[in-house]
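In what follows, a single structure is set out as structure tokens and then discussed.
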Amino acid sequence: MAGASRSGGPSHLRTHPLPLRVTLLAALLHEREREITDTLLELLISTVHRIGARAEKKVTEQLVNAFKKVLGKENILFNLAEASIGEPEGTVREVVYPAVSGGEQTLRELVHEFKTRGPVYRRTVQTTLKASYTNHYRRGLIKLLDVLEFRSSNHTHRPVIEALALVTRYANAGNTTYYPLRETVPVHKAMVGDWAEVVPRIDKRGRRRVVRMVYEVVAFQALRDQLKCKEIWVVGADKWRNPDEDLPHDFDARREENYQELRKPLDAAVFVDELREQMTTELTLLNDRMPKLPWPDIAERKSGAIRLTPAEAQPEPRSLRRIKAEVQRRWGIVPLIDMLKEAVLRTGCLDAVTSVSGGGSLSAEVLAERLLLVIYAYGTNTGIKAAAFGGHGHTEDELRYVRRRHLSAEAARAIAVQIADATFTARSTDLWGQGSTAVVSDSTHVRAYDQNLFTEWHSRYGGRGVLIYWHVEKKSLAIHSQLM
């Protein structure tokens, strides 16, 4: 048993009793399934976004090279009107062209500008998007539809679910351009607007038909938009689960009470109007005051449009300089791991580890060295793998074994209690007073949706969210929180 645990592999799970082993495996598989489902959904969302972004970038690069902005359009229109009224019987080449500076070439550039900035641009983007989807991305997205089960709790968004079912049924229809005339094609919100003139097409017989590939593109774009605001959810997911699971079971029965606690109106239209008014006010203030601020510089540049002027360094307080000088004179440069070692020797806190974890085959000296390295690895975010590279003679597997076997939550709690008691005993009451309350603060990563303006991507926490600093008093009482 000890040899299996020391190996650092999953084989030590076999040493547990069968009921515990089955329970742990079931919990692992359940969480892993939800994690994989979330990963597949994020892949789907990012792929659909990438299709549209690449199409717009490609078309923009093509059109920008030929685009020339024509200045003075109002003057050109006035000159054309004046020349046409003055000589209504003249020809265009004799009357209209000479009235414009640059003649025929200027008018050609004006027409080209309208076409590139008008509906032709959107139509070109849509055509490029369809080609990119058909030639490269379609196969992977269709396979994702086969393994993911989409649901919606709101009947308003059912047409998108039905559209996905239609896409799945005709996924292997070959080179079929249109859906059959007898087929019912669900109509949803994404089909209006820019796509209204592209999804349907008149065939050779003059019949209005729905283009299959274009309809698939629109369906995936609608799915992406409604997934991000949880109008559509996925069975077996965690982040993209049913939003009803995020609410208490009696939420509907206590709706008025819950809304009063949240300080939100019951009418959704009132909530949207208040939010829109608040955002409009704040954005207007930002727009008015941003140009007057001395520290931001906003300009077109490859590194980013917004550049902030570095803050001026504040003068260091004289008392802080004196404290640093005195600490360095008295103790010099002390490595953090030496401070940990000194705390262990003075408090004897590792005795708590032995009492909580029970006896073992490791000597107290070896256990102390490995525990110090593990605590140092976690406390400094260095990691066990990096802490294992040193001249101490302890391997990574040995450190991980000590972490699993000895550094449990109960052991860490007992170590913290002993160090805290020793600190309260040793500190000077003349400086710190008679109180024994300690306050600590640390940041907590809270996941947030992309629509939140404060949401950031944190590589350390592996996802999007916000950081909230919690100031915690004795017995884990939160006394203050601040959003960073």
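The values are calculated or read from the model by the stated rules, or taken from the named source; none is laboratory data. Keep in mind the model is a prediction, meaning the values are calculated, not measured. Here Cβ is always computed from backbone atoms with ideal geometry, including for glycine, and neighbour counts include all displayed protein chains. Surface accessibility is based on the protein's heavy atoms, side chains included, excluding ligands, DNA and RNA. Shrake-Rupley method; radii C 1.70, N 1.55, O 1.52, S 1.80 Å.
Gain in length, THR184 to GLU312, computed as 0.36 nm per residue apart minus the alpha-carbon separation, to one decimal in nm?
Length difference between fully extended and current span is 39.5 nm.
Starting from the coordinates of the alpha-carbon atoms of segment 198-299, obtain the Kirkwood hydrodynamic radius over all distinct pairs and give the value in Å to one decimal.
Working: mean 1/r = 0.0524 Å⁻¹.
For segment 198-299, inverting the mean 1/r across all distinct Cα pairs yields 19.1 Å.
Taking R0 as 60 Å, what's the FRET efficiency between THR39 and VAL92 from their Cβ-Cβ distance, rounded to 0.05?
So, using R0 = 60 Å, E works out to roughly 0.45.
In Å, what is the Rg of the alpha-carbon atoms in segment 268-427, and how long is Dmax?
Spelled out, the Cα radius of gyration and Dmax of segment 268-427 are 26.3, 71 Å.
Given a Förster radius of 35 Å and the C-beta distance between ILE298 and HIS445 as r, what FRET efficiency does 1/(1 + (r/R0)^6) yield to the nearest 0.05?
0.70
Run the 1.4 Å probe and let me know the accessible area of SER361, rounded to the nearest 10 Å².
Number for this one is 100 Å².
Among LYS189/LYS230; LYS143/LYS204; LYS228/LYS292; LYS230/LYS264; LYS189/LYS302; LYS143/LYS239, which pairs are too far apart, with a Cα-Cα distance over 25 Å? Can you show the working numbers first?
Details: LYS189/LYS230 16 Å; LYS143/LYS204 33 Å; LYS228/LYS292 36 Å; LYS230/LYS264 20 Å; LYS189/LYS302 36 Å; LYS143/LYS239 21 Å.
Pairs exceeding 25 Å: LYS143/LYS204; LYS228/LYS292; LYS189/LYS302.
With a 1.4 Å probe and every protein chain left in place, work out the accessible area per residue of segment 272-351 in Å², rounded to a whole number.
93
Can you work out D for segment 304-348 in µm² s⁻¹ from Stokes-Einstein, where Rh is the Kirkwood radius over C-alpha pairs, the temperature is 10 °C and the viscosity is 1.306 mPa s?
111
Sequence-distant or interchain residues sharing an amide H contact under 5 Å with TYR178, placed H: which?
For TYR178, whose amide H was placed from the backbone, the distant partners under 5 Å are ARG212.
May I ask for the Rg/Rh ratio of segment 261-318, computed from Cα atoms with Rh as the Kirkwood radius, given to two decimals?
Rounded to two decimals, Rg/Rh equals 1.24.
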